[in-house]
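Quick notes on the structure that follows.
Any read-out appearing in this document is the output of simple, stated calculations on the displayed coordinates, not a laboratory observation. This one's a predicted model, so the numbers in the text were calculated from it and none came from an experiment. Every residue, glycine as well, gets a Cβ built from its backbone with ideal geometry; the counts of neighbours run over all protein chains shown.
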Amino acid sequence: MLNIAALFITVTALFSWFNYRFLRLPATIGVMVVALVMSLALIALDHLGFTYVTDLTEQWLGSINFNALLMDGMLSFLLFAGALHVDIDKLKRYRYSIGFLASVGVVVSTLAIGSAAWWLFATFNIHVPYLYCLVFGALISPTDPIAVLGIMQSAGAPEDMEVKIVGESLFNDGVAVVVFTLLAGAATAGEQLTATHSLMLFGEEAGGGLLLGMVMGYIAYRMMKSIDQYQVEVLISLALVLGGYALATWLAVSGPIAMVIAGLFIGNRGREHAMSENTRRYVDGFWELIDEILNAVLFVLIGLELLLIPFEWSYLMVAGPLILIILSVRLVTIGLPMMVMRRWVDYRRGTTRVLTWGGLRGGISVALALGLPDSEYREPVVMITYIIVLFSILVQGLTIGKLVSHVVPGVDPSSADSKHH
């Protein structure tokens with residue numbers, strides 16, 4: 001395990017250096033582009049008969065459980081680090097629209113995308129049951145906070161737009177994981193799917209995660225407030241994430257939601273009342289560094305996963321229309337509540353377009369797909385998820401800055417990019 005970690009950090013460092021030195025793309029996108037090009041080069045060498053390096057790389061990647069690495073390891077750090085820098089007072093202003101998108105929006109999106117996928121699979125003679133298509137709808141519906149956080153900042157989005165989409169993405173993945181768990185259990189293990197059981201499980205996981213996050217955040221806050229020693233306070237925040245996520249898993253409540261709530265608590269109340277200026281500087285620096293490193297590692301892994309995912313042209317024919325359907329569903333689920341809320345909350349012109357195009361899918365969708373048990377239906381779901389995620393990060397991620405500068409006069413995305421290099 002140590003050798004794998006050492007190799008992976010070394011590869012990530014080399015790819016990050018190459019991107020910063022030559023490509024100058026946003027950090028997360030840049031390392032993924034380098035990893036994708038490397039994967040394509042290895043595939044080409046394999047077809048030419050040079051199989052040794054490709055086999056070695058595939059063996060190395062095959063020893064890594066992407067689902068466990070992200071969902072049980074990296075996700076807790078990334079969500080806490082993201083929530084740590086969100087202003088809760090600004091988040092409250094959009095609480096109703098964020099709450100709608102992170103709950104009803106996820107369910108509506110799951111049903112709409114799952115139904116469309118079922119029809120497209122049937123059209124191209126790919127047999128996938130309807131319930132399994134709903135599983136696909138659940139794993140592809142949430143916007144990924146890991147992808148959104150870095151790329152929206154790099155795009156130079158105005159603060160009100162950034163707070164809304166980041167707030168939504170931080171919460172909706174926790175809800176989507178619960179919906180995915182329900183549907184995947186029914187599709188793969190034959191578990192009974194009833195409204196009562198679903199609501200009870202959702203209440204236990206989401207409500208339990210929220211309560212646990214508040215309790216742990218408060219305990220960590222009181223400990224930090226009682227001392228002024230930045231080394232110990234950084235260690236407390238690290239223990240909060242590692243121990244808190246492990247406790248959430250043991251209690252069978254939502255770890256992602258617990259981490260978001262704890263991060264918001266420490267990042268707002270803790271920052272204001274429990275940390276000295278010196279401690280704030282070290283805590284912020286530590287978690288920004290953790291965030292940058294893990295993001296780079298994650299996106300390198302996404303790029304290299306191309307080597308392990310089987311490809312068929314029919315999957316591309318399904319993924320193309322699904323991308324348009326996913327964007328259309330997001331436009332509706334964002335546009336309708338904003339039309340209703342506009343009488344109480346002022347939204348900047350162009351917000352609907354930016355939030356629709358900025359709703360990126362990322363590593364969480366890939367991890368959930370790869371976590372599905374082996375079956376004849378797993379391969380098309382994994383490959384189509386991967387194609388959609390690549391489109392989302394490469395096309396939407398690289399063009400969101402231009403859209404922001406178009407709808408918000410005076411924004412220069414290139415200056416934002418330079419700040420994050």
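Values for this structure:
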read-out: Alpha-carbon centroids, region 264-293 and region 27-51: separation in whole Å; value: 37
read-out: Low-density loop positions, chymotrypsin sites (Phe, Trp or Tyr not before Pro), region 318-376 - DSSP coil, at most 11 other Cβ in 10 Å; value: 344
read-out: Summed side-chain charge close to residue 364 - residues other than residue 364 whose Cβ falls under 10 Å, Lys, Arg +1, Asp, Glu -1; value: -1
read-out: Estimated distance in nm for a label pair at residue 131 and residue 229, the labels positioned 7 Å out from Cα along Cα-to-Cβ; value: 5.5
read-out: Cβ charges +1 (Lys, Arg) and -1 (Asp, Glu), total dipole of region 225-365, debye; value: 760
read-out: Protection proxy ranking of 255-265, 16-26, 379-389 - average other beta-carbon atoms within 10 Å, highest first; value: 255-265, 379-389, 16-26
read-out: J(HN,Hα) series, region 373-386, from Karplus relation 6.51 cos²θ - 1.76 cosθ + 1.60, nearest Hz, glycine and proline x; value: x, 4, 6, 5, 9, 5, 4, x, 5, 5, 5, 5, 4, 5
read-out: All Cα pairs of region 281-390, percent lying beyond 21 Å; value: 55
read-out: Extension gain, residue 10 back to residue 24 (0.36 nm per residue minus Cα-Cα distance, nm); value: 3.1 nm
read-out: Point-charge dipole on Cβ atoms (K/R +1, D/E -1) for the chain, about Cα centre, debye to 20; value: 1280
read-out: Where a label projected 7 Å from the Cα of residue 198 along Cα→Cβ would reach, residues of region 93-116 with amide N under 19 Å; value: 100-116
read-out: Set of region 333-348 residues, backbone N closer than 20 Å to the point 7 Å along the Cα-Cβ line of residue 159; value: 345-348
read-out: Environment charge of residue 64, counting only residues whose C-beta is closer than 14 Å and scoring Lys/Arg +1, Asp/Glu -1; value: -3
read-out: Region 64-107: chymotrypsin sites (Phe, Trp or Tyr not before Pro) falling in loop per DSSP and having at most 13 other Cβ within 10 Å; value: none
read-out: Most fluctuating residue given options 103, 375, 365, as computed from a GNM of the chain linking Cα atoms under 10 Å; value: 375
